[in-house]
């Protein structure tokens, strides 16, 4: 069964369950898995966050829950129309469309929560429901040929900015590739530097520009290249707690998206970014850690995703030296240094 048919089946199932309750003279209700912090568990074997087994029940017999049930059903019906016609809508567009429904939303935050309710209740992603984010796709450069609708695209022949990852990335077919690895970089500045210095040739890789915190489609793309093409993934980020976190979300997912981490997380990805050890060993230009940086590092040290000895050592070392550094700080040694010196040494060490 393809993803479109699965989504239609799940949506029909939601509607049929309500109809069945009515026909059996029962008060219609919907079981919604809890997304509360107490029901979000770090799975040591899978190496990412998952939802526990706690559920809430939304019933038309509870006056306080009638509106939420109606919102879920109305949104489900809207999504069914999108999937049936093979159209998509941004979550912002859907919020405005809902203004014409019999039941609407107070604001987009309320609408977004119902999107998450549908995702977790039916066990499928919002993208499969035809709902897309607003953010631009990340860029990919390197020898990867893919099929987008009926168009074949090679990411090395798509201009200097490469191929822009589609929000509907699961509809894209990977046709062929001539690379050995994926290197994802936090900033678009470093992405363009690596393209200009022909890192895609030197390391025979796909270069992915994350644009900061990676969008869901970007994480799904990276996971697919790893799982379907067998490519090892390396993540090159800034040497600060925020860069560490961006990398870790790609590796082990986020607590907020525990219900879809199985489709987004790439636990075998390796951190290739700037570490506290790099700051010392390469004598990099630095900035002092701010109070918020120190607080965040201490939070990370207690996070189960950072239990590995490597992360614990680097977090302690960064707190000790009180310094952080950006990827671009290697420019101290020349624009070519990252590609010619730093990355080869890091990859060899791995």
Subset tally (residues that are in a helix (DSSP H, G or I) and either farther than 18 Å from residue 125 by Cβ or touching a residue at least 24 places away in the same chain (Cβ under 8 Å) (or both)) for the range 82-107: 13
So residue 262 fits all but one of (1) more than 28 Å from residue 333 (Cα to Cα); (2) outside any loop (DSSP other than H, G, I, E, B); (3) free of Cβ contacts under 8 Å to residues at least 60 places away in the same chain; what number is the exception? (3)
Residue 156 versus (1) crowded, with 17+ Cβ neighbours inside 10 Å; (2) out of contact with any helix residue (DSSP H, G or I) (no Cβ under 8 Å at 6 or more places or on another chain); (3) in the same structural domain as residue 268 (by TED's automatic domain parsing); (4) outside any strand (DSSP E or B): which is the lone unmet condition? (2)
Which numbered condition residue 30 fails, given (1) surrounded by 12 or more Cβ atoms within 10 Å (Cβ to Cβ); (2) modelled with pLDDT under 95; (3) assigned to a strand (DSSP E or B): (2)
Residues being modelled with pLDDT under 95 and under 19 Å from the mean Cα position of the chain (by Cα) - total across the range 132-152: 8
Does any residue of the range 269-283 turn out to be under 30 Å from residue 118 (Cβ atoms), touching a helix residue (DSSP H, G or I) at 6+ places or on another chain (Cβ under 8 Å), modelled with pLDDT of 95 or more and in a loop (DSSP other than H, G, I, E, B)? yes
Does at least one position in the range 309-325 carry a residue that is at negative phi, assigned to a loop (DSSP other than H, G, I, E, B) and in the same structural domain as residue 191 (by TED's automatic domain parsing)? no
Across the range 189-219, the tally of residues that are within 12 Å of residue 266 (Cβ to Cβ), touching a residue at least 60 places away in the same chain (Cβ under 8 Å) and part of a helix (DSSP H, G or I) stands at 1
Contact list please: Cβ distance under 6 Å, first residue in the range 120-142 and part of a strand (DSSP E or B), second residue at pLDDT below 90 and crowded, with 20+ Cβ neighbours inside 10 Å, pairs at least six apart or on different chains. 132/167
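This table checks each residue for (1) within 24 Å of residue 318 (Cα to Cα); (2) in contact with a strand residue (DSSP E or B) (Cβ under 8 Å, 6 or more places away or on another chain).
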| residue | (1), (2) |
| --- | --- |
| 213 | yes, no |
| 216 | no, no |
| 226 | no, yes |
| 239 | yes, yes |
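The values are calculated or read from the model by the stated rules, or taken from the named source; none is laboratory data. Computed from a prediction, not measured in an experiment: that's the story for all the values here. In this analysis, Cβ positions are derived from the backbone assuming ideal geometry, glycine residues included, and neighbour counts consider all displayed protein chains.
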